[in-house]
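Read through the structure below, which is laid out as structure tokens, and then see the notes.
Since every read-out is calculated from the coordinates, none of them should be taken as a lab result. Note that the coordinates shown come from a computational prediction; the quantities given were computed from them, not determined experimentally. Cβ atoms come from the backbone with ideal geometry, glycine included; neighbour counts cover every protein chain shown.
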């Protein structure tokens, strides 16, 4: 989506990156126009390893947001940055306990599940550790089950409404849906998590989520 705002939001990401997916949802929920700069993580050894992208993010990860001449990295920091600059509609609740709960849900996904399932880890398992596809899928399922079991428990709470917190989608939903997408990719069993499945299904029916889906991105492969 091309932006005509004086200070354009430029998102460097990859169509199937769950971290990029989170930020796309957040941008859409806030109704913000942004420009996408695809960074192909696989082709020709990965564009994230090229010097030009390492100048943007020395860690070589996506997403990265360029705004007002500054680069913001890490999906949670980017979402909080957007919340600070564009507070309405809000991704975080108005009360301190609610904000802490939502941040805890998002951080648990961002720190305890996704990093153990990301492309760099799977490439290391396959290459350096010589693990089979079956072993890698078992690894993925183990960490998803560990994390989702906790998230499911936290969602079994009166603060949970139609969405992760209350009746409007917010920051936690931005993080939950991409992780469900990853779990489905690796055929993880989601049956034990009715709250997660219900909320994810509801979110995916909303335009902000469906237009952020990996298959809807300009750099997604055409079958």
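Things worth noting here:
- DSSP beta bridges in region 10-89 [antiparallel fraction, %, rounded to 5]: 65
- You can think of it this way: the chain between residue 138 and residue 32 has 34.3 nm of extra reach, that is 0.36 nm per residue less the Cα-Cα gap.
- Counting 0.36 nm for each residue step from residue 44 to residue 149 and taking away their Cα separation leaves a gain of 34.1 nm.
- Sites residue 129 and residue 156 - FRET efficiency at Förster radius 45 Å, r taken between beta-carbons, to 0.05: 0.80
- Among beta bridges that DSSP assigns inside the chain, antiparallel share in %, nearest 5: 60
- Reduced Cα scattering model of the chain, Debye log10 I(q)/I(0), q = 0.11 Å⁻¹: -0.53
- Stokes-Einstein diffusion coefficient of region 1-84, Kirkwood radius over Cα pairs, 4 °C, 1.567 mPa s, in µm²/s: 101
- Taking 161, 60, 94 as the candidate residues, the one with maximal mean-square fluctuation in a Gaussian network model of the chain, Cα springs under 10 Å, is 94.
- For the chain, a Gaussian network of Cα nodes joined below 10 Å ranks 128, 205, 33 by mean-square fluctuation, and the top entry is 128.
- Rounded FRET efficiency, nearest 0.05, which uses the C-beta distance separating residue 86 from residue 55 and R0 of 22 Å: 0.25
- Among 111, 210, 200, residue whose mean-square fluctuation peaks in a GNM of the chain (springs only between Cα atoms under 10 Å): 111
- Sequence of 132, 122 once ranked by neighbouring C-beta atoms within 10 Å, starting from the fewest: 132, 122
- Annotation for residue 107 and residue 77: the two label points, set 7 Å from Cα along the Cα-Cβ direction, are 1.5 nm apart.
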